[in-house]
Every structure is written in C-alpha cells, then in structure tokens.
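Just so it is clear, none of the values below were taken in a lab; they were calculated from the coordinates. Note that the structure is predicted; figures quoted are calculated from it, not measured. Note that we place each Cβ from the backbone using ideal geometry, even for glycine, and neighbour counts take in every protein chain shown.
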Amino acid sequence: MSLNLEQKKAVVGEVSAAIAGAQAAILSEYRGLTVAEMTTLRAQARAAGVYIKVIKNTLVRRAVEGTAFACLGGHLQGPLAFAASSDPVAVAKVVSEFARANDKLVIKIGAMDGAIMSGERLQALALLPSREVLLATLLRTMQAPVAQFVRTLNEVPARFVRTLAAIRDKAQA
C-alpha cells in the first residue's frame with residue numbers, strides 16, 4: 001500500500017521527532033521474520049523506551065538529513081528496521097538480544113554522535129550495564145571514601161567505650 005504525500009510527510013515528521021532526542025540509532029535487516037516475531041521485538045523495544053519502526057528507506061533518508069544520523073543515509077538499502085533511543089545502551093541491548101535469539105534479524109549498522117558504529121562495536125555497547133546500574137556504581141564509588149571516613153571517626157569513641165568496659169570488667173573481677 002503506497003502512501004500519499006501527506007502520509008509520507010507525517011511519517012517523516014514522526015521519525016524526525018523520534019530521533020530529535022536520540023543518542024543512538026541502529027539499522028537491522030528483518031528479512032524472514034514473522035509478524036509475531038516483529039510484534040515481540042516491538043513490545044520489547046517499547047518496554048525499554050526504544051523507538052523501532054519499519055519505514056521506507058527514502059523516508060528515513062529524508063528524516064535523518066541534517067541530523068547526527070545523516071551518516072546512515074548511505075546504508076539504507078534493503079528491508080530495514082530503524083531503531084533509535086535516547087539511551088544508546090538500551091537500543092543496542094534490545095536489538096542485539098533479539099538478534100541473538102532470532103537468526104533472521106541481522107544488525108547492519110548503527111550510529112552514535114554522528115559516527116558510524118559497526119556490529120562489533122554495537123555488541124560491545126550492548127554488553128555495558130544500563131544507565132541506572134552505572135549511576136548506582138558511580139554513587140557507591142563516590143560514597144565509599146565518606147563512609148570509610150565516618151567509620152574511622154566512629155572508631156575513636158567506640159574504642160574508648162570498649163576500654164572503659166574492659167576496665168570495669170577488670171575492676172569487678
């Protein structure tokens with residue numbers, strides 16, 4: 001079913017809006033996937049906050065013109081699913097985990113900060129912990145010196161109390 005000009009403009013506007021706040025985008029070939037498998041992929045993407053859509057390559061090319069993802073324009077060939085997210089790890093995780101479970105989904109190329117990313121770099125990105133885990137690790141690392149300092153300060157009165165208790169026990173014995 002072909003789209004009229006107004007529908008094409010709406011699709012380009014939707015994709016442009018989706019990539020406006022995106023930090024990473026991935027193009028993957030979906031040839032051979034069933035409708036049920038694509039529905040599963042879309043549900044996983046939606047749960048992770050990832051925009052994923054199968055769109056005509058010419059419309060994607062127009063949507064990415066003038067953005068950080070313009071470098072993807074030359075790679076838009078064949079049946080491709082376009083995925084983008086403001087969290088680069090989330091989009092890489094969703095697509096790579098689904099590709100690992102379904103051989104028919106092939107990750108072609110990705111882009112982040114205006115640079116092309118190969119499949120190996122996307123896999124490495126997918127192995128990173130999520131943003132929340134990284135923030136928790138950073139917070140724990142920042143709190144460690146302060147917590148150790150508080151324990152050290154607390155040790156002085158605790159040692160004094162233990163010394164007094166030992167003197168009391170000795171006097172009672």
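Could you tell me what % of all Cα pairs in the range 23-63 have separations over 11 Å?
71
What angle do you read, to the nearest 10 degrees and between 0 and 90, between the alpha-carbon axis of helix 131-172 and the longest principal axis of the chain?
Approximately 10 degrees, to the nearest ten.
Which of THR58, THR163, THR40 moves the most in a Gaussian network model of the chain with Cα springs under 10 Å?
Highest fluctuation among the options: THR163.
Ignoring solvent entirely, what values of log10 I(q)/I(0) come out of the Debye formula for the range 81-161 at 0.12, 0.17 Å⁻¹ when each Cα is a single scatterer?
-0.51, -0.74
Starting from the Cα of LEU128, move 7 Å in the Cα-to-Cβ direction to define the label point; list residues of the range 9-30 whose amide nitrogen is under 20 Å from there.
19-28
What is the Cα convex hull volume of the range 1-108 when expressed per residue in Å³? Could the numbers behind the result be given before it?
On the way: hull volume 10.6 nm³, N = 108.
Per-residue hull volume (Cα only) is 98 Å³.
Can you put PHE149, PHE82 in order, fewest other beta carbons within 10 Å first? Intermediate values should be presented prior to the final figure.
On the way: PHE149 10, PHE82 24.
Ranking PHE149, PHE82 by Cβ neighbours within 10 Å, fewest first, gives PHE149, PHE82.
Starting with the fewest neighbours, write out VAL54, VAL161 ranked by other beta-carbon atoms found within 10 Å of each beta-carbon.
Ascending Cβ contact count within 10 Å gives the list VAL161, VAL54.
Going by how many other beta carbons lie within 10 Å of each one, how would you line up ILE116, ILE19, ILE55, ILE167, fewest first? Walk me through the numbers before you get to the answer.
Working: ILE116 14, ILE19 24, ILE55 17, ILE167 10.
Going from sparsest to densest Cβ surroundings: ILE167, ILE116, ILE55, ILE19.
How much length, in nm to one decimal, is gained on full extension between MET142 and ALA165, taken as 0.36 nm per residue of separation minus their Cα-Cα distance?
Details: separation 23, 0.36 × 23 = 8.28 nm, distance 3.57 nm.
So the chain would gain 4.7 nm between MET142 and ALA165.
Return a whole-number percent for the relative contact order of the chain, with Cα pairs under 8 Å and 6 or more residues apart as the contact set. Walk me through the numbers before you get to the answer.
Details: 213 pairs, mean separation 45.3, N = 173.
With pairs under 8 Å counted, the relative contact order is 26 percent.
Rounding to the nearest 20 debye, state how big the charge dipole of the chain is about its Cα centre with +1 on each Lys and Arg Cβ and -1 on each Asp and Glu Cβ. Kindly include the intermediate steps, with their values, before the conclusion.
Values: 21 positive and 13 negative charges, 75 e Å.
Dipole magnitude for the chain comes out near 360 debye.
Here are some pairs, LYS8/LYS108; LYS8/LYS53; LYS8/LYS104; which of them have Cα atoms lying more than 19 Å apart in this structure?
Values: LYS8/LYS108 25 Å; LYS8/LYS53 14 Å; LYS8/LYS104 28 Å.
Check vs 19 Å cut-off fails for LYS8/LYS108; LYS8/LYS104.
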